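Asks: The following block contains the structure, expressed as structure tokens.
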Amino acid sequence: MNTTWQRLTAALALILATSVGIAATPDSVRESAPQSDTVTPQIWRVDGGDMRMRFNESFLELFGVGVDMSSGVLDTQTREFGIFPLIASGGLKLNAPDGSFDRFLDGGLQLRGGFELTLKDGSRIDLRDAKIRASADNPARLELVGADGEAWVYVNHLMYEFLSDYRVFSVRTADLRASALLAKRVGDAALIDAYIGEVQLKAAVIARSREMTPRPKGNATPNFHGTVASGITYQADVLLFDYSMSFMRCRRSNGTTNGCDGVGGDDGEVVFAPSATLLNTNNANTADVPWYEKFTTSPWSYPYMGNDQHPYLVWNMFRIVDGQLEQIGVSGTKHAFLTTNSGQCSNAFGNHVLNKNCSDTYGTGNNDNARDLGPRSEILPASGQWGRCGSIFDTNCDGGQNNVPGCTSSAADGCYSQRLRVRESQLAVAGAQYWTESWYVVLEDINIYNTMGRRTITPSAGGGGWAPGSQSGFTRGPVINDWVDPVANPTRNVELASSAGRARVAVKTKLLNACPAASGLVGTCYRYDYAVHNFDFATAESTSGTPPNFRVTGAKGFNTFKIATSARTSVYLEPEVNFADNDINPANNWTGSVTPGAVEWTAPADNALNWGTLYRFSVISDVTPSSDVVSIDLGIANPQQGVLTLSNSIVGPAGLGNGIMKNGFE
């Protein structure tokens with residue numbers, strides 16, 4: 001071992017030994033953990049190439065900060081990204097044993113051109129020709145240092161891979177965040193660690209300290225779901241490890257004016273997006289998961305030959321007021337494109353197969369990138385199939401990606417389309433408790449409930465925007481299971497399942513102070529609130545072709561919900577409040593009706609209970625709550641498949657039923 005290698009190894013050992021105190025927020029814990037102390041270090045050096053940057057300008061405007069990128073070349077397709085060369089400067093050193101990135105070490109990259117931040121006092125922060133170096137706070141981060149020697153911004157949540165036979169280090173996407181120093185200069189602590197932009201980077205690999213161990217060749221293939229080897233049948237079971245929600249931007253109700261005015265006044269539109277980390281399980285039968293981005297193909301002959309199969313990420317927002325659970329925000333679908341395979345795991349098949357015990361983080365920026373966000377209606381989630389043909393990414397089915405408008409001032413809706421949007425009035429309800437939820441949809445995953453998670457937020461207005469406020473600890477599973485625990489109350493939170501997908505229905509009751517005057521009921525009255533969450537149930541009017549040239553037309557969820565009653569049961573549907581969806585438009589509410597033996601709601605043509613969505617249905621009755629159960633049905637009238645009904649039994653106001661579960665289509 002030569003002297004230089006000894007010094008590099010010693011330096012790396014020191015970093016590994018002192019990494020315990022690395023801050024975990026806003027980074028994921030998995031991003032800060034070394035692969036393993038037993039892994040032999042392999043020092044790589046990268047230099048040259050280019051960096052691309054785009055900024056969340058509408059967010060920065062709320063702090064009086066502008067961006068000048070006039071020294072760069074704008075991307076001709078999206079007009080969002082400024083492109084800047086990296087000039088030879090000695091290079092950035094990183095540890096990447098056999099091409100599995102572990103951490104940055106020392107050295108740096110040199111930006112030619114760049115950007116300036118203009119502040120509301122007229123001063124400027126010059127980050128042209130900035131140096132890009134490893135962060136002293138976290139070796140999984142980079143920071144940009146100006147000519148004044150200060151690190152005003154930093155980069156985290158790096159999505160990285162090695163391209164061109166390991167000759168190029170590529171950061172496909174990363175978050176650009178404000179440092180505490182920038183927040184102090186601006187004079188607003190709310191800017192600390194805030195997401196302000198997205199970074200992409202490519203740099204040439206110019207040196208390695210040792211040769212790589214060859215990747216598997218020949219007949220070696222991933223153990224995808226359903227593979228049988230050595231008596232083991234492999235199954236996909238991916239966990240959501242953690243996530244956090246960030247405020248992105250807001251606009252007035254006219255759709256053009258940036259910024260919101262808080263509680264009261266104009267009812268502005270607010271956007272939130274998460275950073276989310278997943279983790280593959282580490283069981284003997286844990287399957288590898290395909291991760292081939294749209295418009296690429298898998299090289300493996302089984303089972304995804306020629307298929308751009310990848311997971312999808314969705315996120316939601318909920319509110320509980322007066323004990324009633326309602327969804328108030330729905331995102332589009334984020335199409336995943338690579339996995340970093342972080343943590344103590346193998347990267348044997350590269351960055352488009354998630355190996356067992358590997359983790360991956362998608363940062364806030366790429367979860368807010370229009371070129372990766374599409375409608376949920378293009379996906380059949382229970383089967384994990386995406387209808388690329390006719391999608392917003394390939395409208396004419398020619399196999400080439402459309403130029404999707406990005407988030408720029410000239411394409412304002414590109415900052416809001418497919419995002420989780422919520423109105424200020426929905427965030428400003430006194431006494432409300434707010435929840436967010438994030439969920440990875442993974443092909444053939446055997447347990448969807450551990451692939452989703454929830455936490456509370458405390459939204460607050462200020463400075464023309466909204467902050468998510470304090471966020472509670474992460475809990476795996478859907479919000480509906482916090483509203484009613486299905487383990488403690490198995491007859492009050494039940495699953496309705498079939499091959500086309502799953503839903504859950506939960507019920508809570510409340511003793512009313514008095515029966516509504518218009519109800520005709522006297523004595524003691526109760527409100528029965530049914531929350532119905534469609535997780536992954538969807539049927540299409542038609543499908544055609546085979547992946548990747550697959551088309552989905554008219555994918556929808558449920559459009560009827562029925563609760564059985566007895567002829568002796570008096571029930572009342574209070575106008576305006578017996579139904580709640582996720583918008584503030586009463587014109588598309590479901591219509592409720594009471595008939596002998598049932599209470600039923602029917603959806604208008606444009607507001608089905610689609611996958612990933614929760615609606616609430618409420619009835620008032622003078623029947624005392626008990627442990628008796630009633631039949632409930634979720635239905636869909638589908639031109640291709642006819643009328644389908646998904647049934648189960650749950651606690652209800654009829655006081656009838658024997659509690660026997662009924663699952664499946666009837």
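Asks: Roughly how large, in nm² to one decimal, is the mean projection of the convex hull of the alpha-carbon atoms in region 238-337?
Replies: The Cα convex hull of region 238-337, projected and averaged over all directions, gives 10.3 nm².
Asks: So who's got an amide H within less than 5 Å of the one on D137, skipping anything under 5 residues away but keeping other chains? H placed 1.01 Å off N, in plane.
Replies: Long-range HN contacts for D137: none found.
Asks: From the backbone phi of region 159-171, what are the Karplus-calculated ³J(HN,Hα) couplings (6.51 cos²θ - 1.76 cosθ + 1.60, θ = phi - 60°) in whole Hz, Gly and Pro given as x?
Replies: Ordered by residue, 3J(HN,Hα) equals 9, 10, 7, 9, 10, 6, 6, 6, 9, 10, 8, 10, 9 Hz.
Asks: On to the next question. Kindly give Rg over Rh for region 356-430, based on alpha-carbon atoms, with the Kirkwood expression for the hydrodynamic radius.
Replies: That ratio equals 1.06.
Asks: In terms of modelled amide H atoms, which long-range or inter-chain residues lie less than 5 Å from the amide H of A151?
Replies: Residues meeting the amide H criterion: none.
Asks: How big is Rg to Rh over region 564-610, alpha-carbon atoms, Rh as the Kirkwood inverse-mean-distance radius?
Replies: Over the Cα atoms of region 564-610, Rg/Rh equals 1.02.
Asks: Scale the Cα Rg of region 280-332 by the rule-of-thumb value 2.2 N^0.38 Å and send over the ratio, two decimals.
Replies: For region 280-332, the normalised Cα radius of gyration comes out at 1.82.
Asks: Hey, what number do you get for the chain at 222 nm if only DSSP H runs of n ≥ 4 count, each worth -39500 (n - 2.57), divided across all residues, to the nearest 500?
Replies: Taken over the chain, the calculation gives -1500 deg cm²/dmol.
Asks: Taking each pair of different alpha-carbon atoms in region 108-233 once, compute 1/r for the pair, average those values, and report the inverse of that mean as the Kirkwood hydrodynamic radius in Å to one decimal.
Replies: 17.5 Å is the Kirkwood radius here.
Asks: If you don't mind, there's one more thing I want to ask. What part of the accessible area of region 454-554, given as a whole %, is carbon or sulfur when the probe is 1.4 angstrom?
Replies: The nonpolar share, carbon plus sulfur, comes to 49 percent.
Asks: Hey, if you drop one equal point scatterer on each alpha-carbon of the chain and run the Debye formula without solvent, what base-10 log of I(q)/I(0) do you get at q = 0.06, 0.09, 0.10 Å⁻¹?
Replies: -0.36, -0.80, -0.97
Asks: With Rg and the Kirkwood Rh both taken from Cα atoms, where does Rg over Rh land for region 479-546?
Replies: Dividing the radius of gyration by the Kirkwood radius yields 1.20.
Asks: While we're looking at this one, here's another question. Accessible area per residue for the chain in Å², computed with a 1.4 Å probe and the full protein assembly in place, what is it?
Replies: Computed with neighbouring chains in place, this is 38 Å² per residue.
Asks: With +1 assigned to the C-beta of every Lys and Arg and -1 to the C-beta of every Asp and Glu, and no other charges, what is the dipole magnitude of the chain about the Cα centre in debye, to the nearest 20?
Replies: For this selection, approximately 860 debye.
Asks: ³J(HN,Hα) across region 599-605 via Karplus (A = 6.51, B = -1.76, C = 1.60, θ = phi - 60°), whole Hz, x for Gly/Pro?
Replies: Karplus-based 3J(HN,Hα) across region 599-605 equals 10, 9, 10, 10, 7, x, 4 Hz.
Asks: Work out the charge dipole of the chain with +1 on the Cβ of Lys and Arg and -1 on the Cβ of Asp and Glu about the Cα centre, then indicate which of W466, G520, L74 is farthest towards its positive end.
Replies: L74
Asks: I'd like the accessible area for F550: 1.4 Å probe, protein heavy atoms, all chains in place, Å² to the nearest 10.
Replies: Ignoring ligands and nucleic acids, F550 comes out at about 10 Å².
Asks: When the accessible area of region 341-447 is split by element with a 1.4 Å probe, what percent falls to carbon and sulfur?
Replies: 46
Asks: If you don't mind, another one. Of V270, Y243, N254, whose Cα points farthest to the positive end of the dipole of region 216-299 (charges on the beta-carbon: +1 Lys, Arg; -1 Asp, Glu; origin at the Cα centre)?
Replies: Toward the positive end, the furthest listed residue is Y243.
Asks: Let me ask something additional. Using a probe of 1.4 angstrom, how much of the accessible area of region 242-292 is carbon and sulfur, in percent?
Replies: Here it works out to 42 percent.
The values are calculated or read from the model by the stated rules, or taken from the named source; none is laboratory data. Just so you know, these numbers come straight off a predicted model, no measurement behind them. Quick reminder, even Gly has a Cβ in these numbers, built from the backbone with ideal geometry, and neighbours come from all protein chains shown. Heads up: the accessible areas ignore ligands, DNA and RNA and are worked out on the full protein's heavy atoms, side chains in. Shrake-Rupley method; radii C 1.70, N 1.55, O 1.52, S 1.80 Å.
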